Amino acid sequence: MSGIDDLLAVTGFETDEHHPHIVIDPVACRTCPSDRACVTSCPAQRYVWDEATQQMSFDHVGCLECGNCRLVCDRLFTGADGYSWNYPVRGAGVDYRQG
């Protein structure tokens, strides 16, 4: 293995399309006090900040459940209004196949 791309290539995901395990408020993210650290701390690059629209987007499909975003975002960490972080329901989520 040489990097995150190689690890992701052998990692499986069972996605729960109806219940994202992480929820953010894209409007509230405009006033992020942590300078949108989730964008740079997510190893799977699930958070994307669009400078033109001033909009954060998050795609839970492919999330590695590492919790980095929860650690750098006070809103996710504290479960502020519009934010939640949970593990996927049983049987869903990441399936590490190596290591």
- Using a 1.4 Å probe over the heavy atoms of the protein chains, calculate the carbon and sulfur portion of the accessible area of segment 11-93 as a whole percent. 51 percent
- Going residue by residue through segment 84-98, the Karplus relation 6.51 cos²θ - 1.76 cosθ + 1.60 with θ = phi - 60° gives ³J(HN,Hα) values, rounded to whole Hz and with x marking Gly or Pro, of 7, 9, 9, 6, x, 4, 3, x, 10, x, 7, 10, 6, 10, 9
- Can you sort Leu71, Leu8, Leu76 by 1.4 Å-probe accessible area, starting with the largest? Leu71, Leu8, Leu76
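Between Tyr87 and Asp50, what's the calculated FRET efficiency when r is the beta-carbon distance and R0 is 35 Å? Round to 0.05. Mind dumping the intermediate values first?
Values: r = 28 Å, r/R0 = 0.79.
Efficiency for this residue pair is about 0.80.
Using a 1.4 angstrom probe on the protein heavy atoms only, line up Asp74, Asp81, Asp50, Asp16 by accessible area, largest first. Spell out each step's value before the answer.
Working: Asp74 105, Asp81 140, Asp50 65, Asp16 30 Å².
The residues order as Asp81, Asp74, Asp50, Asp16, largest area first.
With the contact rule set at Cα under 8 Å and sequence spacing of 6 or more, what percent relative contact order holds for the chain? List each step's numbers first, then the result.
Details: 135 pairs, mean separation 39.6, N = 99.
So the answer I get is 40 percent.
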- Task: Please calculate how many Å² of accessible area segment 17-99 carries per residue, with a 1.4 Å probe and no DNA, RNA or ligand atoms counted.
- Result: 64 Å²
- Task: Quote the accessible area belonging to Ser41 in square angstrom, nearest 10, computed with a 1.4 Å probe and with ligands, DNA and RNA left uncounted.
- Result: 30 Å²
- Query: Short version: what are the Cα gyration tensor semi-axes of the chain, square root of 5 times each eigenvalue, largest first, in whole Å?
  - Reply: 24, 16, 12
- Message: Once you order the gyration tensor axes a ≥ b ≥ c over the Cα atoms, which shape class does segment 34-74 get: rounded for a/c under 1.5, otherwise prolate or oblate by comparing a/b with b/c?
- Response: oblate
- Item | About the Cα centre, charge dipole magnitude for the chain (Lys/Arg +1, Asp/Glu -1 at Cβ), debye | 220 debye
- Just the isolated ones, please: cysteines in the chain lacking another cysteine beta carbon under 4.7 angstrom. Cys29, Cys32, Cys42, Cys63, Cys66, Cys73
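The values are calculated or read from the model by the stated rules, or taken from the named source; none is laboratory data. Just so it is clear, the model here is predicted, and its values are computed rather than measured. Quick reminder, even Gly has a Cβ in these numbers, built from the backbone with ideal geometry, and neighbours come from all protein chains shown. To get the accessible areas, we keep the full protein, side chains included, count just its heavy atoms, and leave off ligands, DNA and RNA. Shrake-Rupley method; radii C 1.70, N 1.55, O 1.52, S 1.80 Å.
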